[in-house]
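Step one of this worksheet: look at the structure below.
The values are calculated or read from the model by the stated rules, or taken from the named source; none is laboratory data. Just so you know, these numbers come straight off a predicted model, no measurement behind them. Heads up, the Cβs are rebuilt from the backbone with ideal geometry, glycines too, and the neighbour counts pull from every protein chain shown.
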């Protein structure tokens, strides 16, 4: 009898693990009060770059206060589709990219001028829909960061408006300010500071869909249905520079033959150690995922 | 006073006592530091442990802490292997004692002061003592290599026809000696020369022939020697860049720079070091298990040359990463890994054959099921080679698959996914090595009957469940998207936590039992103190 119960229990656990996950579950809607159209000026000067605090320099630049939202990206897709900047190619939205230099190095990916994937059209984890004519935001996800967007798609969005992706140096300076802090807000991290794996925010259900994105600017000191956040803005006032989604940065081939593109900031799906400012992730520029987004600089 | 003295002597001067101390230290460290990551961190246990123990966790120093943590555990494992080698193989008493003293003081210093420095504020005296500990272990390795010298006439094997090796030598009086002055060793495997305490009983004749050269050089000893020598050299590949980066504390974990096409020589050296050290620990435990089981005969004669060849080529490949050979280093490594793994396969074939043969000796014509029953009758003797086979699923298979499909599959994913695979597969290999040590430990402490069965099968079942789940976790992106993964991740985490958790509980039970036993005047420890490992080979 005990064996039967044990076997049934194991079978139930196995079946539960194979059960389909609702990739667009109903989520609470919160207005964080943070404007995704806001930009902030970062002054020229030196700062501490990387884990080992090398002194680096940037010119002055501006950077978005939040990640690009789903609503912002959908507006771009509609405008860009209308004027032919992007087009539909099978299951993807594609746009032109002028290509990378190719050095024939081991593991290097050849990226010639041509059309490349910006976003997938029918990925169930995407937060937008397409009816054949127009793109629309899935209800409730308007102020969440745009995800399932490739580096080409992020590059295309910023370029469409005359902006660009921030470089790795710019991204880290905007996150860190002038000292050597590991996180945008300071030295320590708690579950009230950022959205990371098992951080127990209102957008998380670890028994089914796991950790979802939080609206941009969510960790600003407000309380949402009893969930108290800490104001986790960076010294320059940027939100979500740690957690929520990895953010593409603009560097192309920081090393000869390195065709990956860098990402920073950690995500809703990584442990807190990956939220440290200097931690790098990377992927080929055509990669897209539900925990990768971006913001622009100019 | 007598009470303390006798226990101290057992724990720090006998092979089994020294192994017990090292196993206990690893168990303690694993139990405490295992609570700082993974599910324990998710549940908030990490914060409690940090506060309760007064740890000083600085975010930017995580990589440095981990490097010291890995080293402190690895040094204790290396010490255990060294105790086993010095307990199994003949060597001069001076070397045996010197090696044991150096490595015991060394690993305890590295473990205690290393962890003290890394996790409890930066006491620089601790850092110095940690480095001193590592240096002592290095010198122990140098002495061990000298002690294992296979060309020493004292350790030559007699020819199968019973004649002494080396030309001038006549068999020792008990017929097992090997030339030289022909003094028999006390227990067997006499080797002439100084009448070495060589209790192995590896004489000539009958089935008892071992891999040897025509001049009588013991090729198994040569394999131990080669592995020890290359381990010492490979340690330098970590020590030099360790000093280089450590002085400025620009520590990094190799898995975080794996995709960068340009790496410095020092970075290559670190990458080579961590790979080869684990591989050498694995090769050494394979040799140890072979000696414990008294690996011999035709399979032994084929395996040992392959083990030596594989070990040398593998090392040359890894050392080559800091030379202009770097572009073809991986090819050399594959060439070296193949004979090493073949040698392990031959050990498996021989040992399974022996288990079946011994277990069905009373049957005239055993059926397949009877043979299978004989094979798995003793989990402690079946377990080590089974785990070596299982390793092909968790480590070698994954590694080869990744190498073949790197550009087509794995490099199309984010680097963090690749990091999970890299760290996962070598953690699995480390855990497998640990379980193999535990099988042997279970046998050497004399587990019998039901306890032996429960202990052995629990290790096999729990570790394979956990490591199988780890392997699926590593490879999950092949069959499930990131958005849909959570239920599967949950199931795998339960399996991993259940397996590793209960394995640690099992180890804790054994450790508590051993602790209680130490308080008994005529406990098992008194028996253990009286017997050397070599006397118990292939009982």
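Might you check whether a residue that is touching a helix residue (DSSP H, G or I) at 6+ places or on another chain (Cβ under 7 Å) and surrounded by fewer than 18 Cβ atoms within 10 Å (Cβ to Cβ) occurs anywhere in segment A:165-186? No. Of the residues in segment B:505-514, not one is within 11 Å of chain A (Cβ to nearest Cβ) and under 29 Å from residue B:289 (Cα atoms). Would you pick out the residues in segment B:483-495 that are under 20 Å from residue B:30 (Cβ atoms) and free of Cβ contacts under 8 Å to residues at least 40 places away in the same chain? Within segment B:483-495, B:494, B:495 meet the criteria. Residues that are surrounded by 15 or more Cβ atoms within 10 Å (Cβ to Cβ), assigned to a loop (DSSP other than H, G, I, E, B) and touching a helix residue (DSSP H, G or I) at 6+ places or on another chain (Cβ under 9 Å) do occur in segment B:341-361.
Out of everything in segment B:255-265 that is outside any loop (DSSP other than H, G, I, E, B) and within 14 Å of chain A (Cβ to nearest Cβ), what residue ends up being nearest to residue B:316 (Cα to Cα)? The residue in question is B:255.
Looking at this structure, is residue A:199 within 14 Å of another protein chain (Cβ to nearest Cβ), in contact with a helix residue (DSSP H, G or I) (Cβ under 7 Å, 6 or more places away or on another chain) and in a loop (DSSP other than H, G, I, E, B)? So residue A:199 does not fit the description; no. Report, by residue number, each residue of segment A:202-232 that is in contact with a strand residue (DSSP E or B) (Cβ under 6 Å, 6 or more places away or on another chain) and within 14 Å of another protein chain (Cβ to nearest Cβ). Across segment A:202-232, the qualifying residues are A:204, A:211, A:213. For residue B:446, the test of being assigned to a loop (DSSP other than H, G, I, E, B) and either within 30 Å of residue B:405 (Cα to Cα) or touching a residue at least 24 places away in the same chain (Cβ under 8 Å) (or both) is passed.
For segment B:51-64, the candidate set comprises residues that are in a helix (DSSP H, G or I) and within 11 Å of chain A (Cβ to nearest Cβ); within that set, the residue that is nearest to residue A:200 (Cα to Cα) is B:59.
Residue-by-condition table, conditions (1) away from chain B (no Cβ under 14 Å); (2) buried (at least 18 other Cβ atoms within 10 Å of the Cβ); (3) within 18 Å of residue A:152 (Cα to Cα):
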{"position": "A:65", "(1), (2), (3)": "yes, yes, no"}
{"position": "A:82", "(1), (2), (3)": "yes, no, no"}
{"position": "A:113", "(1), (2), (3)": "yes, no, yes"}
{"position": "A:124", "(1), (2), (3)": "no, no, no"}
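Selection of segment A:215-237 for residues being under 20 Å from residue B:41 (Cβ atoms) and within 20 Å of the chain's Cα centre (by Cα) yields A:219, A:232.
Filtered by the rule that a residue be assigned to a loop (DSSP other than H, G, I, E, B) and either at positive phi or modelled with pLDDT of 90 or more (or both), segment A:202-211 gives A:202, A:203.
Let's see how each residue does on (1) surrounded by 20 or more Cβ atoms within 10 Å (Cβ to Cβ); (2) part of a helix (DSSP H, G or I):
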| site | (1), (2) |
| --- | --- |
| B:210 | yes, no |
| B:215 | no, no |
| B:226 | yes, yes |
| B:234 | yes, yes |
| B:302 | no, yes |
| B:307 | yes, yes |
| B:311 | yes, yes |
| B:316 | no, yes |
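State whether one or more residues within segment B:477-488 are crowded, with 18+ Cβ neighbours inside 10 Å, in a helix (DSSP H, G or I) and more than 14 Å from chain A (Cβ to nearest Cβ). Within segment B:477-488 (the criterion being crowded, with 18+ Cβ neighbours inside 10 Å, in a helix (DSSP H, G or I) and more than 14 Å from chain A (Cβ to nearest Cβ)), the answer is no, since none of the residues qualifies. Taking the stated definitions as given, is residue A:246 in contact with a strand residue (DSSP E or B) (Cβ under 9 Å, 6 or more places away or on another chain), farther than 15 Å from residue B:414 by Cα and at the interface with chain B (Cβ under 9 Å from one of its Cβ atoms)? For residue A:246, the condition - in contact with a strand residue (DSSP E or B) (Cβ under 9 Å, 6 or more places away or on another chain), farther than 15 Å from residue B:414 by Cα and at the interface with chain B (Cβ under 9 Å from one of its Cβ atoms) - is not met. Only one of the listed residues (A:96, A:49) is surrounded by fewer than 19 Cβ atoms within 10 Å (Cβ to Cβ), at negative phi and at pLDDT 95 or above. That residue is A:96. Condition (residue is within 10 Å of residue B:379 (Cα to Cα) and surrounded by 22 or more Cβ atoms within 10 Å (Cβ to Cβ)) applied to segment B:450-458: is it met by at least one residue? The answer is yes, given that some residue of segment B:450-458 is within 10 Å of residue B:379 (Cα to Cα) and surrounded by 22 or more Cβ atoms within 10 Å (Cβ to Cβ).
For segment A:58-156, the strands (runs of 3 or more DSSP E) that sit wholly inside it and include 2 or more residues that are in contact with a strand residue (DSSP E or B) (Cβ under 6 Å, 6 or more places away or on another chain) and touching a residue at least 40 places away in the same chain (Cβ under 8 Å) are A:61-64, A:92-97, A:114-120, A:135-137. For segment A:139-181, which residues satisfy the criterion of being within 14 Å of another protein chain (Cβ to nearest Cβ) and more than 13 Å from the chain's Cα centre (by Cα)? Residues satisfying the conditions are A:141, A:168, A:172, A:175, A:176, A:179, A:180, A:181. Here residue B:95 does not fit the description of being within 22 Å of residue B:254 (Cα to Cα) and either outside any helix (DSSP H, G or I) or modelled with pLDDT of 90 or more (or both).
With respect to residue B:338, is the statement that it is under 23 Å from the mean Cα position of the chain (by Cα) and surrounded by fewer than 18 Cβ atoms within 10 Å (Cβ to Cβ) true? Yes: the conditions hold for residue B:338. Scanning segment A:276-293 for residues that are under 25 Å from residue A:192 (Cβ atoms), under 12 Å from the mean Cα position of the chain (by Cα) and more than 7 Å from every other protein chain (Cβ to nearest Cβ) yields A:292, A:293.
Assess whether residue B:78 counts as being crowded, with 21+ Cβ neighbours inside 10 Å, within 14 Å of chain A (Cβ to nearest Cβ), in a helix (DSSP H, G or I) and in contact (Cβ under 8 Å) with a residue 40 or more places away in the chain. Criteria not met by residue B:78.
Residues considered: A:215, A:290. Of these, the only one that is closer than 19 Å to residue A:70 by Cα, in contact (Cβ under 8 Å) with a residue 60 or more places away in the chain and in contact with a helix residue (DSSP H, G or I) (Cβ under 6 Å, 6 or more places away or on another chain) is A:290.
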